[in-house]
């Protein structure tokens, strides 16, 4: 069996950093950057506004056209409230599985690539491998766009981008987009017996939430049965609601967070326009009782879908490296759509299963580490030829 000790050492190293999105990722970035600089590899940070987090990109090999970007996010989802049987920040091997937060989503992909840097340097690459590590993917894909812009503007154009989200090493050439919104409803507070004078923000929010559910149902009814996506239509969901003070007080404020996951060819902007038209109707009803009532919606994130294309050099490359003859699509969102929007040929292909992502006792199979290693080694050989 292939010796995977270097890959497991790097995975253990990355898992040990608690890079929950609410925290800084700089300790991990410091470690990776020091490792790469130890090989005299030039690295570049792209900071967030308050410099508490950073993207990192680096070119291994010559700065020429035709390289391949290996992209992944450094942040992970929280473990709070989950029943783990192992320490989520300590890589634990049991029965051919490696447990720990981020093992599947998605520290295994960069761990494999980082472990193979010595092989990249020894191979005499004629075209480069470009590492691209981002922050805040899990809370709206906020970090990657700034790094993508720098790679586009400062480096020779690569042949392909491979985003290493967990796909069981299948080649994915399409994903849905995601936009997230926060709607805040301002009502008018009175005693709950005075419904002729007061306006419950919670009741108004309920009407708006019902409209979002109806919008999803309308798109389901009009769905193309031949769409490769599952479900084969744009979805909207509301999963966080805050509001009200006490049972006998007309709620003065209520807010809720909702998302829109658009299929390629559809847009979150169209869904928001539909929602806003209905919100104005509800607002007029509220203001007929209390003119100070308001409904306001702000957009928190917006990431485009990845649109499948018959002419996709990245897909052709990934298929040749994996030995597969077909591609697939997924319903989750990744930075692949952001790379495509910036003009890069992009696919998703990485070790592990999305079924394990965000779960307690998250794991990746050792066999997937081996498959990912085989894939990157073939890429190294391709770029050295």
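Is it the case that segment 186-193 has a residue that's touching a residue at least 24 places away in the same chain (Cβ under 8 Å), crowded, with 22+ Cβ neighbours inside 10 Å and out of contact with any helix residue (DSSP H, G or I) (no Cβ under 6 Å at 6 or more places or on another chain)?
no
Restricting attention to segment 305-351, which residues are out of contact with any strand residue (DSSP E or B) (no Cβ under 9 Å at 6 or more places or on another chain), in contact (Cβ under 8 Å) with a residue 40 or more places away in the chain and assigned to a loop (DSSP other than H, G, I, E, B)?
324, 326, 342, 343
Mind telling me which of the residues 309, 292 ends up being surrounded by fewer than 19 Cβ atoms within 10 Å (Cβ to Cβ) and not assigned by TED's automatic domain parsing to the domain that holds residue 233?
Only one candidate qualifies: 309.
Within segment 352-366, restricting attention to residues that are surrounded by fewer than 24 Cβ atoms within 10 Å (Cβ to Cβ) and part of a strand (DSSP E or B), which residue is farthest from the chain's Cα centre (by Cα)?
365
Out of 119, 165, 150, report the one residue that is under 18 Å from residue 73 (Cα atoms) and surrounded by fewer than 22 Cβ atoms within 10 Å (Cβ to Cβ).
150
Identify, from the list 381, 315, 385, the residue that is surrounded by fewer than 23 Cβ atoms within 10 Å (Cβ to Cβ), within 21 Å of residue 65 (Cβ to Cβ) and out of contact with any helix residue (DSSP H, G or I) (no Cβ under 8 Å at 6 or more places or on another chain).
Just one listed residue meets the conditions, 385.
Sort out which residues of segment 328-351 are farther than 30 Å from residue 85 by Cα, touching a helix residue (DSSP H, G or I) at 6+ places or on another chain (Cβ under 8 Å) and surrounded by 20 or more Cβ atoms within 10 Å (Cβ to Cβ), and write them in order of number. Walk me through it before giving the result.
Just the residues of segment 328-351 that are farther than 30 Å from residue 85 by Cα, to begin with: 328-329, 335-348.
Checking which are touching a helix residue (DSSP H, G or I) at 6+ places or on another chain (Cβ under 8 Å) leaves us with 335, 338-339, 342-348.
Across segment 328-351, the qualifying residues are 335, 338, 339, 344, 345, 346, 347, 348.
Take segment 256-274 and flag every residue that is in contact with a helix residue (DSSP H, G or I) (Cβ under 8 Å, 6 or more places away or on another chain), closer than 13 Å to residue 215 by Cα and surrounded by 19 or more Cβ atoms within 10 Å (Cβ to Cβ).
258, 260, 262, 271
Kindly establish whether residue 210 is touching a strand residue (DSSP E or B) at 6+ places or on another chain (Cβ under 9 Å), at pLDDT 95 or above and at negative phi.
no
Within segment 239-286, how many residues turn out to be assigned to a loop (DSSP other than H, G, I, E, B) and over 20 Å from residue 187 (Cα atoms)?
6
List pairs: first in segment 48-74 and under 25 Å from residue 382 (Cβ atoms), second at pLDDT below 95 and crowded, with 16+ Cβ neighbours inside 10 Å, Cβ under 6 Å, 6+ apart or cross-chain?
Note: no pairs meet the criteria.
Give segment 217-234 a look and list any residue that's in contact with a strand residue (DSSP E or B) (Cβ under 6 Å, 6 or more places away or on another chain) and buried (at least 19 other Cβ atoms within 10 Å of the Cβ), or say none.
Passing the criteria: only 229.
If a residue must be outside any strand (DSSP E or B) and under 19 Å from residue 245 (Cβ atoms), how many such residues does segment 182-221 contain? Explain how you work it out, then say what you get.
Restricting attention to segment 182-221, the residues satisfying the condition of being outside any strand (DSSP E or B) are 187, 189-190, 192-198, 200-221.
Then drop every residue that is not under 19 Å from residue 245 (Cβ atoms), which leaves 187, 189-190, 192-195, 197-198, 200-206.
Residues meeting the conditions: 16.
Counting only residues that are surrounded by fewer than 17 Cβ atoms within 10 Å (Cβ to Cβ) and touching a helix residue (DSSP H, G or I) at 6+ places or on another chain (Cβ under 6 Å), how many does segment 5-38 have?
Qualifying residue count, segment 5-38: 0.
The values are calculated or read from the model by the stated rules, or taken from the named source; none is laboratory data. Here the structure is a predicted model, which is why all the values come from computation and not from measurement. Positions of Cβ are backbone-derived with ideal geometry, glycine not excepted, and every protein chain shown enters the neighbour counts.
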